[in-house]
Amino acid sequence: MIIKTATFVCSNTQISALPAPIMPEYAFIGRSNVGKSSLINMLVNQHGLAKTSQRPGKTQLINHFLINEAWYIVDLPGYGYAKVSKTSREKWEKFIRAYITKRESLQCVFVLIDSRLEPQGIDIEFCYWLGEKQIPFSLIFTKADKQGMTTTQKNVAAFKKKLGEFFEEIPATFITSAEKGNGKDDVLNFIYEVNKDFVVPTDYKRF
(Lines give C-alpha, C1' and ligand atoms only; values in the text may rest on other atoms or scores of the structure.)
Protein backbone atom coordinates (compact mmCIF):
# COMPACT_ATOMS: atom_id res chain seq x y z
CA MET A 1 0.00 0.00 0.00
CA ILE A 2 1.25 3.46 -0.90
CA ILE A 3 0.21 6.29 1.39
CA LYS A 4 -0.72 9.29 -0.76
CA THR A 5 -2.55 11.44 1.77
CA ALA A 6 -2.81 11.52 5.57
CA THR A 7 -4.92 14.22 7.17
CA PHE A 8 -5.86 15.03 10.76
CA VAL A 9 -9.65 14.98 11.06
CA CYS A 10 -10.63 15.47 14.69
CA SER A 11 -9.89 14.95 18.37
CA ASN A 12 -12.64 13.81 20.71
CA THR A 13 -13.48 12.92 24.26
CA GLN A 14 -17.05 12.06 23.28
CA ILE A 15 -17.82 8.83 21.44
CA SER A 16 -20.96 10.40 19.98
CA ALA A 17 -18.87 13.06 18.19
CA LEU A 18 -16.74 10.63 16.20
CA PRO A 19 -16.89 10.54 12.39
CA ALA A 20 -19.62 8.36 10.89
CA PRO A 21 -18.40 4.73 10.89
CA ILE A 22 -18.52 4.34 7.12
CA MET A 23 -14.81 3.65 6.53
CA PRO A 24 -12.55 1.03 8.13
CA GLU A 25 -10.41 2.20 11.01
CA TYR A 26 -7.45 0.87 12.94
CA ALA A 27 -6.74 1.89 16.52
CA PHE A 28 -3.21 2.21 17.88
CA ILE A 29 -2.72 1.92 21.63
CA GLY A 30 -0.01 0.98 24.11
CA ARG A 31 1.73 1.98 27.28
CA SER A 32 2.69 5.62 27.43
CA ASN A 33 6.09 6.31 25.87
CA VAL A 34 5.98 3.16 23.72
CA GLY A 35 6.64 5.21 20.57
CA LYS A 36 3.09 5.32 19.22
CA SER A 37 3.19 8.77 17.63
CA SER A 38 6.57 8.10 16.02
CA LEU A 39 5.26 4.83 14.59
CA ILE A 40 2.14 6.46 13.13
CA ASN A 41 4.25 9.22 11.55
CA MET A 42 6.55 6.61 10.05
CA LEU A 43 3.66 4.64 8.57
CA VAL A 44 2.18 7.69 6.81
CA ASN A 45 5.46 9.41 5.85
CA GLN A 46 4.64 12.59 7.78
CA HIS A 47 7.00 13.58 10.54
CA GLY A 48 4.54 15.74 12.48
CA LEU A 49 1.11 14.24 11.83
CA ALA A 50 0.77 12.56 15.22
CA LYS A 51 2.19 14.79 17.92
CA THR A 52 5.01 13.30 19.95
CA SER A 53 5.57 14.39 23.51
CA GLN A 54 8.37 14.21 26.03
CA ARG A 55 5.74 13.93 28.77
CA PRO A 56 4.24 10.43 28.95
CA GLY A 57 0.48 10.31 29.31
CA LYS A 58 -0.11 13.71 27.72
CA THR A 59 -2.41 12.45 24.96
CA GLN A 60 -5.90 12.07 26.40
CA LEU A 61 -8.01 12.27 23.26
CA ILE A 62 -9.20 9.96 20.52
CA ASN A 63 -7.49 11.32 17.38
CA HIS A 64 -8.69 10.39 13.89
CA PHE A 65 -6.44 10.62 10.82
CA LEU A 66 -7.91 9.99 7.37
CA ILE A 67 -5.58 7.96 5.15
CA ASN A 68 -5.86 7.97 1.34
CA GLU A 69 -9.41 9.33 1.73
CA ALA A 70 -10.40 5.72 2.40
CA TRP A 71 -9.62 4.58 5.97
CA TYR A 72 -8.68 5.90 9.41
CA ILE A 73 -5.79 5.58 11.76
CA VAL A 74 -7.06 6.19 15.29
CA ASP A 75 -4.54 7.34 17.89
CA LEU A 76 -5.77 6.33 21.35
CA PRO A 77 -4.39 7.58 24.67
CA GLY A 78 -1.63 5.49 26.19
CA TYR A 79 -2.24 3.43 29.29
CA GLY A 80 -0.12 2.70 32.33
CA TYR A 81 1.20 6.17 33.10
CA ALA A 82 -0.49 9.51 33.50
CA LYS A 83 0.02 12.37 35.91
CA VAL A 84 -3.68 13.08 36.17
CA SER A 85 -6.21 12.57 38.91
CA LYS A 86 -7.69 9.13 39.46
CA THR A 87 -11.12 10.47 38.49
CA SER A 88 -9.83 11.90 35.21
CA ARG A 89 -7.93 8.71 34.40
CA GLU A 90 -10.97 6.51 35.07
CA LYS A 91 -13.19 8.75 32.92
CA TRP A 92 -10.80 8.64 29.99
CA GLU A 93 -10.24 4.88 30.29
CA LYS A 94 -14.02 4.43 30.24
CA PHE A 95 -14.45 6.25 26.95
CA ILE A 96 -11.50 4.38 25.39
CA ARG A 97 -13.10 1.05 26.30
CA ALA A 98 -16.46 2.27 25.03
CA TYR A 99 -14.86 3.17 21.71
CA ILE A 100 -13.13 -0.19 21.37
CA THR A 101 -16.20 -2.27 22.21
CA LYS A 102 -18.86 -0.25 20.37
CA ARG A 103 -17.22 1.20 17.27
CA GLU A 104 -18.79 -0.55 14.27
CA SER A 105 -16.03 0.34 11.80
CA LEU A 106 -13.09 -0.67 14.00
CA GLN A 107 -11.29 -3.46 12.15
CA CYS A 108 -8.29 -4.08 14.39
CA VAL A 109 -6.62 -2.76 17.53
CA PHE A 110 -2.85 -2.57 17.15
CA VAL A 111 -1.38 -3.08 20.62
CA LEU A 112 2.09 -1.53 20.75
CA ILE A 113 4.69 -3.31 22.87
CA ASP A 114 8.19 -2.03 23.70
CA SER A 115 10.49 -4.67 22.21
CA ARG A 116 13.28 -3.75 24.63
CA LEU A 117 11.35 -5.08 27.61
CA GLU A 118 10.37 -8.47 28.94
CA PRO A 119 6.57 -9.02 29.06
CA GLN A 120 4.85 -6.37 31.15
CA GLY A 121 1.77 -7.29 33.14
CA ILE A 122 -0.25 -4.29 32.02
CA ASP A 123 0.23 -5.19 28.35
CA ILE A 124 -0.70 -8.82 28.93
CA GLU A 125 -3.81 -7.82 30.89
CA PHE A 126 -4.94 -5.46 28.13
CA CYS A 127 -4.56 -8.20 25.52
CA TYR A 128 -6.55 -10.55 27.75
CA TRP A 129 -9.31 -7.94 28.01
CA LEU A 130 -9.43 -7.61 24.21
CA GLY A 131 -9.69 -11.37 23.96
CA GLU A 132 -12.53 -11.51 26.48
CA LYS A 133 -14.41 -8.86 24.49
CA GLN A 134 -13.63 -10.68 21.22
CA ILE A 135 -11.97 -7.60 19.73
CA PRO A 136 -9.62 -8.33 16.80
CA PHE A 137 -6.11 -7.18 17.62
CA SER A 138 -2.52 -7.46 16.47
CA LEU A 139 0.80 -6.86 18.18
CA ILE A 140 3.33 -4.26 17.07
CA PHE A 141 6.69 -4.47 18.81
CA THR A 142 8.33 -1.03 18.67
CA LYS A 143 11.89 0.33 18.98
CA ALA A 144 13.51 -2.78 17.50
CA ASP A 145 16.53 -0.70 16.49
CA LYS A 146 17.41 0.03 20.12
CA GLN A 147 18.94 -3.38 20.80
CA GLY A 148 20.20 -6.45 18.97
CA MET A 149 17.82 -8.73 17.10
CA THR A 150 18.56 -11.57 19.52
CA THR A 151 17.18 -9.54 22.43
CA THR A 152 14.17 -8.45 20.38
CA GLN A 153 13.33 -11.99 19.33
CA LYS A 154 13.74 -13.22 22.91
CA ASN A 155 11.31 -10.62 24.26
CA VAL A 156 8.81 -11.21 21.44
CA ALA A 157 8.91 -14.97 22.05
CA ALA A 158 8.41 -14.46 25.79
CA PHE A 159 5.39 -12.22 25.17
CA LYS A 160 3.84 -14.73 22.79
CA LYS A 161 4.38 -17.48 25.34
CA LYS A 162 2.47 -15.48 27.96
CA LEU A 163 -0.39 -14.89 25.53
CA GLY A 164 -0.41 -18.60 24.73
CA GLU A 165 -1.60 -19.22 28.29
CA PHE A 166 -4.90 -17.56 27.32
CA PHE A 167 -5.19 -17.64 23.53
CA GLU A 168 -5.36 -20.73 21.32
CA GLU A 169 -3.98 -18.68 18.43
CA ILE A 170 -1.50 -15.80 18.72
CA PRO A 171 -2.54 -12.71 16.73
CA ALA A 172 -0.53 -11.26 13.87
CA THR A 173 2.79 -9.84 15.08
CA PHE A 174 4.95 -7.08 13.62
CA ILE A 175 8.43 -5.91 14.61
CA THR A 176 9.05 -2.24 13.84
CA SER A 177 11.46 0.64 14.10
CA ALA A 178 10.14 4.16 13.58
CA GLU A 179 13.67 5.46 12.99
CA LYS A 180 14.66 2.90 10.36
CA GLY A 181 11.24 2.18 8.88
CA ASN A 182 11.36 -1.52 9.71
CA GLY A 183 7.98 -3.26 9.57
CA LYS A 184 6.24 -0.46 7.69
CA ASP A 185 5.33 -2.48 4.62
CA ASP A 186 4.19 -5.45 6.71
CA VAL A 187 1.76 -3.34 8.75
CA LEU A 188 0.39 -1.46 5.73
CA ASN A 189 -0.03 -4.66 3.72
CA PHE A 190 -1.95 -6.18 6.63
CA ILE A 191 -4.29 -3.17 6.66
CA TYR A 192 -4.66 -3.34 2.87
CA GLU A 193 -5.80 -6.95 3.05
CA VAL A 194 -8.28 -6.31 5.88
CA ASN A 195 -9.71 -3.30 4.05
CA LYS A 196 -10.75 -5.57 1.18
CA ASP A 197 -13.38 -7.22 3.36
CA PHE A 198 -14.82 -4.07 4.93
CA VAL A 199 -18.56 -3.62 4.55
CA VAL A 200 -20.17 -0.29 5.39
CA PRO A 201 -22.61 -0.74 8.29
CA THR A 202 -26.14 -0.22 6.98
CA ASP A 203 -27.79 0.32 10.33
CA TYR A 204 -25.14 2.01 12.46
CA LYS A 205 -26.37 4.24 15.23
CA ARG A 206 -24.86 6.99 17.30
CA PHE A 207 -24.09 6.14 20.91
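The values are calculated or read from the model by the stated rules, or taken from the named source; none is laboratory data. Just so we're clear, the structure is a prediction, and the values are computed from it rather than from any experiment. Here the Cβ is made from the backbone with ideal geometry for all residues, glycine too, and neighbour counts use every protein chain on show. Note: areas computed on protein heavy atoms with side chains; ligands, DNA, RNA excluded. Shrake-Rupley method; radii C 1.70, N 1.55, O 1.52, S 1.80 Å.
Residue pairs whose Cβ atoms lie under 6 Å apart, separated by 6 or more positions or on different chains, with the first residue in the range 128-149 and within 23 Å of Glu104 (Cβ to Cβ) and the second part of a loop (DSSP other than H, G, I, E, B) and open to solvent by 50 Å² or more (accessible area, probe 1.4 Å), do not occur.
From Thr101, Thr87, Thr59, Thr52, which residue is part of a helix (DSSP H, G or I), at pLDDT below 90 and among the polar types (S, T, N, Q)?
Unique residue meeting the criteria: Thr87.
Restricting attention to the range 169-193, the residues that are part of a helix (DSSP H, G or I), surrounded by fewer than 17 Cβ atoms within 10 Å (Cβ to Cβ) and not acidic (Asp, Glu) add up to 3. Here Phe166 meets the list (1) open to solvent by 40 Å² or more (accessible area, probe 1.4 Å); (2) in a helix (DSSP H, G or I); (3) in contact (Cβ under 8 Å) with a residue 12 or more places away in the chain almost entirely, failing just condition (2). When Gln107 is tested against (1) at pLDDT 95 or above; (2) in a loop (DSSP other than H, G, I, E, B); (3) among the polar types (S, T, N, Q), just one condition goes unmet, and that condition is (2). Just one residue in the set Ile2, Ile73, Ile40 is open to solvent by 20 Å² or more (accessible area, probe 1.4 Å), β-branched (Val, Ile, Thr) and at pLDDT 90 or above; that residue is Ile2. Quick check on Gly80: is it farther than 24 Å from Ala6 by Cβ, modelled with pLDDT under 95, crowded, with 16+ Cβ neighbours inside 10 Å and touching an Asp or Glu at 6+ places or on another chain (Cβ under 9 Å)? Criteria met by Gly80.
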